[in-house]
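Worksheet: one structure, shown below.
The values are calculated or read from the model by the stated rules, or taken from the named source; none is laboratory data. From a predicted model like this one, the values you see are computed outputs, not experimental measurements. Cβ placement follows ideal geometry from the backbone for every residue including glycine, while neighbour counts extend to all protein chains displayed.
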Amino acid sequence: MKLVECMRWKNFRLIPHRLLVGWAVMFLCWASFAQAADFLSDESYEDQAESLRVADPIEPFNRAVFTLNDKVYIWVLEPVATGYSKVLPADIRSCIGNFFYNLGEPVRSVNCLLQGRVRDSGLVLGRFVINSIGGVFGLADPASNEFKIAPIYANLGETLAVWGLGDGFYLVVPLIGSSTLRDFTGTVVDGMATATYSPWNDDVLTSATVQGTNTVNRTSLRLGDYEELKSLSFDPYVAFRNGYFQMRSKQRNHSQNQ
Amino acid sequence: MQPKNLTLSFIVSVLFVLITLFFTQPAISAAPDPTEQFRPFLKKMTETLADPGLKAIPKNEQSQRIIGIVREHFDFREMSKRVIGQQWRNLSEKEQGEFEQLFTQLLQYAYVEKIDEYSGQQVQFTQQRIKGERAEVQTLLVDKNKSIPVFYIMLLRGDQWMAYDVVVEGVSLVRNYMEQFSEILRKDGYSGLVKQIEQKIAELEKGIKKT
């Protein structure tokens, strides 16, 4: 029997067993490669970490955008966020942060489902319901505090990765920062999906204002972090690139904290 | 003769295994618990940082006092070795010693600013993992509005767990410096790296004097 015919769905049972086992082994190998770095094994130090595995062919362009983002941060975002943090107390700002995070939960839940993480998908949906009702439109986070359901990470970039799509290359996006071709595509689509049910999709100006508020609010909760990281590094561009990939690999490792 | 010989050798090997087990078992159970070692260490650290007397002395002495405590449970040589990576073996013993001193100094200057920022944040121990002579102690640095996960990666030296990496929110300090250093090493070699670290230390030192 020809292999091509085996591949047809109705002929599924005719696929030789050895082939199935082979696929299973290949999948397991791939899955173990996809795992996040284990700090207790020396390989995680020796193989130059994850960041070198994602190519950076447009480094000169990325460096230019990095410089641009740096100027925007220092000249605009940081002063605005500093002023904002003086007007609003920290607990109100963290409520606003919760509100924006809660709006993203439905998209996160769908992504969990698309990744085959059925349990996580349900938990995220549960968080959304609990926080939207008990947390008054998501301003508070009783799901974490009272129900002990910690925030769960998921986005389309990760979904595409689970489906086997590669990163493409490292990309620094104006005003957004570190990403990769695949992950940025995911960010855009996730954003559009969120926009379909968010309350302010009538006109561009309103949604831009809302996005701006979200960014300023987020920055105001982490003032000083950026400057500090930058002052400690020898090549901020490389330091932030490396930090991005390390942080991402931790966020996508769902095995550990459960 | 043959079967008897075989039983004899079997008994001998079983005995050998038992003896090995007997001698190694206490050694394994005697290995100290990493969290139990780090609890008093980090407590001492936060108490020193909270001590109002600390802020009264000059910045340089402050950082000396802190680094003195840090040295009790941090292995700066292991850290230096990992930050340099494979090239470490190509360095002479003198260069290795020099680099260790330089890198320690860099961290000392980098974190002296942090002393002022300390405002009673507490350390919570969440989990630990042990794998042979390596351990990972997971903690949460609890602040007013957020808590930051900080992991210490350590190695058993004698009966002391010594940290050689700190992972803050998933970002390993050693791996981050390692990638930056590897590019400098490739372009300018070891001497270029030393020059850049010296420059950075001078820069940080100037910043400290200003404040």
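Against the criterion of being surrounded by fewer than 14 Cβ atoms within 10 Å (Cβ to Cβ), farther than 23 Å from B:W161 by Cα and among the hydrophobic types (A, V, I, L, M, F, W, C), B:A56 qualifies. Here B:A135 clears all of (1) of a type in the set (G, A, S); (2) outside any strand (DSSP E or B); (3) facing chain A (nearest Cβ under 8 Å) except the condition numbered (2).
Note on region A:87-146: residues that are of a type in the set (K, R), part of a helix (DSSP H, G or I) and over 22 Å from A:N214 (Cα atoms) amount to 1.
Scanning region A:186-222 for residues that are among the aromatic types (F, W, Y) and assigned to a loop (DSSP other than H, G, I, E, B) turns up just one, A:W200. Scanning region A:196-219 for residues that are out of contact with any Leu (no Cβ under 8 Å at 6 or more places or on another chain) and closer than 27 Å to A:F245 by Cα, we see that the one that is modelled with the lowest pLDDT is A:Q211.
Looking across region B:113-132, just one residue is within 10 Å of chain A (Cβ to nearest Cβ), loosely packed, with under 12 Cβ neighbours inside 10 Å and within 30 Å of A:L221 (Cα to Cα), and that is B:E117. A residue that is outside any helix (DSSP H, G or I) and within 24 Å of B:I184 (Cβ to Cβ) cannot be found anywhere in region B:99-117.
Taking region B:154-184, which residues are away from chain A (no Cβ under 11 Å) and within 18 Å of A:Y237 (Cβ to Cβ)? Listed by number, the list is empty, since nothing qualifies. Look at (1) at the interface with chain A (Cβ under 10 Å from one of its Cβ atoms); (2) more than 25 Å from B:K81 (Cβ to Cβ) and you find that B:V142 fails only one, number (1).
Counting only residues that are under 23 Å from A:A161 (Cα atoms) and not in a helix (DSSP H, G or I), which one in region A:223-257 is nearest to the chain's Cα centre (by Cα)? So the residue we want is A:R252.
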